[in-house]
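To keep things clear, I will list the structure first and then write my remarks on it.
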Amino acid sequence: AALDPGAKPLAGRHVLVTSGPTHEPIDPVRYIANRSSGAQGTALAEALVDLGARVTFVTGPASAPMPKGAHVVPVETAAEMRDAVAAALPADAAIFAAAVADWRVESGSDRKIKKQDGALPELRLAENPDILAGVARMAEGRPRLVVGFAAETHDVTANATAKRARKGCDWIVANDVSPGTGIMGGSENAVTLITATGSEDWPRMGKADVARRLAQRLAEALANEDG
Ligand code: CTP
Ligand code: CA
């Protein structure tokens, strides 16, 4: 059912949002990161607050402003993000908008790595925990609605549909971040929403509009009890 504008359909609900990139240290002055401004995550958190939700916002080092009205938990690495997410649960819904670095340096150095006559440092990488999949597959205390994002550069709907199944989440919000779309770092987004029943292409719109529409959908899904 459609909801009144101005209504607070998420009053009394707790929604967890992850956002921003993560930084994985190489040494005290260098890190591996993902490209993400955190703008879509901030817009989403603000849209959820507007609908009355209590929002916990677990964010890596983002350049976007922090969402007003949310409880902000700043983290740096994927491991810290996983721990902060675990500490923030339970939640009615969880949205994973963070661009988590897939790899960390297996043994970061406490001291700055110095150049040595052209000898190159070898970085051994280890895979980071999949925070979204961990929550989506919780045996007990799983949020009723678990939503992932998928940033793809090609075969967007097919890749994101496979990702939804692999991770066990309810919805995937897929977007095309190939160079030339201007989406990465821009103010607009063009997303495809993938649910259990299929996929919907949304027209290109501002990130705040994507956020409002998604927050509205989430409120309807929680109200209908059927995700
Ligand atoms: N994600 C996460 N923890 C990770 C990696 C990803 O929580 N270690 C979440 C992201 O926040 C996003 C979703 O998983 O909601 C999809 O991220 P994406 O990078 O597209 O998926 P990957 O499984 O890492 O696949 P890819 O090889 O395409 O990067
Ligand atoms: Ca990834």
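The values are calculated or read from the model by the stated rules, or taken from the named source; none is laboratory data. On a predicted model such as this, the values are computed, not experimentally measured, just so you know. Because the Cβ atoms are built from the backbone with ideal geometry, glycine has one as well, and the counts that use them run over all protein chains shown. The protein model used for the area step is the full one, side chains on, heavy atoms only, and it has no ligands, DNA or RNA in it. Shrake-Rupley method; radii C 1.70, N 1.55, O 1.52, S 1.80 Å.
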Which numbered condition Pro129 misses (of (1) more than 12 Å from ligand 1 (Cβ to nearest atom); (2) more than 20 Å from Thr42 (Cβ to Cβ)):
(1)
Taking region 139-178 on its own, how many of its residues are part of a loop (DSSP other than H, G, I, E, B) and touching a residue at least 12 places away in the same chain (Cβ under 8 Å)?
10
Enumeration of residues in region 4-20 that are surrounded by 24 or more Cβ atoms within 10 Å (Cβ to Cβ) and not hydroxyl-bearing (Ser, Thr, Tyr):
Leu10, Val15, Leu16, Val17, Gly20
Counting only residues that are of a type in the set (A, V, I, L, M) and in contact with a Lys or Arg (Cβ under 9 Å, 6 or more places away or on another chain), which one in region 33-44 is nearest to ligand 1 (Cβ to nearest atom)?
Leu44
In region 38-55, is there at least one residue being within 18 Å of Val210 (Cα to Cα), among the β-branched types (Val, Ile, Thr), modelled with pLDDT of 95 or more and more than 12 Å from the chain's Cα centre (by Cα)?
yes
Residues in region 83-101 that are without any contact (Cβ under 8 Å) to a residue 60 or more places away in the chain and either hydrophobic (A, V, I, L, M, F, W, C) or near ligand 1 (Cβ under 8 Å from one of its atoms) (or both): how many?
3
Flagged in region 102-123 as open to solvent by 50 Å² or more (accessible area, probe 1.4 Å), over 29 Å from Ala211 (Cα atoms) and modelled with pLDDT of 95 or more, in numbering order, are Arg104
Failed condition for Glu80, given (1) touching a helix residue (DSSP H, G or I) at 6+ places or on another chain (Cβ under 6 Å); (2) over 25 Å from Ser187 (Cβ atoms):
(1)
